[in-house]
Amino acid sequence: MMKKLTVVSLLFLLLMACQNQENTEDAQQSIDSSAQSVTEKEAQQDEEISTSQQKEDIPPEYLDETNYTGDKLEIVKLMNARMRYLYEEDEKRYMNLFDPKSPISGMGRYKVLKVTSMSDITIQEQRKLYQAAVTVNELKENNEEYNNTMVFWKKKEDGDSAQWVIADID
């Protein structure tokens, strides 16, 4: 009789142990799936955050450089570089576009989305330099349009290595 009781109680303990094992696995699985759904939700929220930031942070629409050649192309490249550095908030490279004698002393805290219209680029030869002027309408990130006259210089004293620089923006 004692032997039967021992066997039955051992079977009972074994059965309980198996039952506990299953419950533990079920609990583990539900913890895993809830953790997984939390990370999925976080990933979704991160995605939503980054897409809403992308809407606000629209890269500029650059001028088409294929429409220009020679000096006018160099000037358009400067205009595009200015828009790019404003967008990237790269003040050092932005300021390198300007002549050291330019009245521009720092970078504006705005972004230009695109040039909506521009006059022809007129280049005049002066005694010490070539000067170009172009009037542009720019659409800024606040959806307001601004009219600027951009003045560019290319110094004769620099000879063949002369580069166009921005002299001023009014």
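The values are calculated or read from the model by the stated rules, or taken from the named source; none is laboratory data. Quick caveat: nothing in here was measured; it's all calculated off a predicted structure. So basically every Cβ, Gly included, is an ideal-geometry build from the backbone, and we count neighbours across all protein chains shown. SASA here: full protein model, heavy atoms, side chains in, ligands and nucleic acids out. Shrake-Rupley method; radii C 1.70, N 1.55, O 1.52, S 1.80 Å.
Listed values, structure above:
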{"quantity": "Dipole magnitude of the stretch 77-170 about its Cα centre (Cβ charges: Lys, Arg +1; Asp, Glu -1), debye to nearest 20", "calculated": "220 debye"}
{"quantity": "Accessible surface of the stretch 77-170 [probe 1.4 Å, protein heavy atoms]: carbon and sulfur percent", "calculated": "42 percent"}
{"quantity": "The stretch 114-156 - accessible surface per residue (Å², probe 1.4 Å)", "calculated": "59 Å²"}
{"quantity": "Counting DSSP beta bridges with both ends in the stretch 47-163, the antiparallel % (nearest 5)", "calculated": "95 percent"}
{"quantity": "Inter-site label distance for R127 and K156 at 7 Å from Cα along Cβ, in nm", "calculated": "1.0 nm"}
{"quantity": "Peptide ranges 158-169, 73-84 listed from the most packed, as the mean C-beta count within 10 angstrom indicates", "calculated": "73-84, 158-169"}
{"quantity": "Amide proton proximity set for L113, modelled H, under 5 Å, gap of 5+", "calculated": "L139, K140, E141"}
{"quantity": "The stretch 111-168: GluC sites (Glu not before Pro) falling in loop per DSSP and having at most 15 other Cβ within 10 Å", "calculated": "E141, E144"}
